[in-house]
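What follows is a single structure, written as structure tokens, with notes after it.
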Amino acid sequence: MPSSVASRPAPGLGASIGLVLLSIASVQLGAGFAKQLFTDVEPDGVVWLRLVTSAAVLLAWARPVLRGRSRADWLVVLRYGACLAVMNWAIYQSFSRIPIGVAVTIEFIGPLALAAAGFRRARHLGWVGLAALGVLLLGFERTHLDPLGVAYAVLAGAAWAGYILSSAATGRRWAGIDGLAVASGVAVLLLSPLLLTVEVGDLLDARVLAIGAAVGLLSSVVPYSAEIAALRTLPAATFGVLMSLEPAAAALAGLLLVGEDLAPVQWAAIGCVVLATVGATRATRARVLPDVI
């Protein structure tokens, strides 16, 4: 990590909570703006623009040293990049088919299942049951949910769980944000063939490029910067509880930015998943890593 970052004083508790809330708002604003672009360019093009922007900023920030790396170092970061690519591609495909709040709620099942795997007491499995109830409630409104959109959200959740595991492994081999920066570059390379499905003229439109760059900053660079600063003060369990607000924030962003009004039962489903995530985080006390939706 750059010495200028390491030498800064850690923010206070209140400031750290504010940074996490800023991160959540930024990610969901990015999702809302990304969905607005779907009328101009395919989701494949939007997710590529997002990753290109975030990778360029992170690589310039970290300036990772690549020479002298072992084969194991590269295998870990390649796996990390693959999870990042699949997670972002799948959730954007889901956004294009179902409401943002519903997609993020379903996606959250991935990290929640990972947390549940660490449970040591049977009573903690009640949180898993509450999350399952939330998913069932979403099914009550299935006439409004594209099955393929739901499947993409499930895939994004699985990739998110893989991303969390790969992030931990990468952090043990790559200093600071070097691993994330390199993984972001890997994700761009893996998704670049998708550009063959996108009209080049649409992708080079000035408005599309500007909003795509903003999506990259809002969805990756701003939240990661806020979270890495917040985690210098904020206990990991508290961070995890705050991050459980993501599904509700996503639903609100969908409502305000793209007019996605949810049925009462869908709001209830989101509430179940939020509560389940809070409970699971407090039960496991596991460190929750920064997310890139």
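Sort through Ser184, Ser225, Ser166 and tell me the only one that's surrounded by 17 or more Cβ atoms within 10 Å (Cβ to Cβ), within 16 Å of the chain's Cα centre (by Cα) and without any contact (Cβ under 8 Å) to a residue 40 or more places away in the chain.
Among Ser184, Ser225, Ser166, only Ser225 is surrounded by 17 or more Cβ atoms within 10 Å (Cβ to Cβ), within 16 Å of the chain's Cα centre (by Cα) and without any contact (Cβ under 8 Å) to a residue 40 or more places away in the chain.
Report whether or not Gly271 is open to solvent by 10 Å² or more (accessible area, probe 1.4 Å) and on the phi > 0 side of the Ramachandran plot.
no
Take Gly216 and tell me if it is at pLDDT below 80 and surrounded by 21 or more Cβ atoms within 10 Å (Cβ to Cβ).
In short, no.
Mind listing whichever residues of the range 219-237 are modelled with pLDDT of 85 or more and of a type in the set (Val, Ile, Thr)?
Val221, Val222
For the structure I just gave you, tell me whether Ala151 is farther than 13 Å from Ala90 by Cα, out of contact with any Ser or Thr (no Cβ under 7 Å at 6 or more places or on another chain) and surrounded by fewer than 19 Cβ atoms within 10 Å (Cβ to Cβ).
Criteria not met by Ala151.
In the range 106-120, how many are open to solvent by less than 30 Å² (accessible area, probe 1.4 Å) and more than 13 Å from the chain's Cα centre (by Cα)?
4
Does Gly176 meet the test of being closer than 20 Å to Phe38 by Cβ, open to solvent by 40 Å² or more (accessible area, probe 1.4 Å) and either of a type in the set (S, T, N, Q) or more than 18 Å from the chain's Cα centre (by Cα) (or both)?
no
Consider Ala103 carefully, then state whether it is at pLDDT below 75, assigned to a helix (DSSP H, G or I) and surrounded by 19 or more Cβ atoms within 10 Å (Cβ to Cβ).
No: the conditions fail for Ala103.
The values are calculated or read from the model by the stated rules, or taken from the named source; none is laboratory data. Only a predicted model underlies this, so the values are computations on that prediction, with no experimental measurement involved. Cβ coordinates were reconstructed from backbone atoms using ideal geometry, including for glycine residues, and neighbour counts include every protein chain displayed. These accessible areas exclude ligands, DNA and RNA; they are computed on the full protein's heavy atoms, side chains included. Shrake-Rupley method; radii C 1.70, N 1.55, O 1.52, S 1.80 Å.
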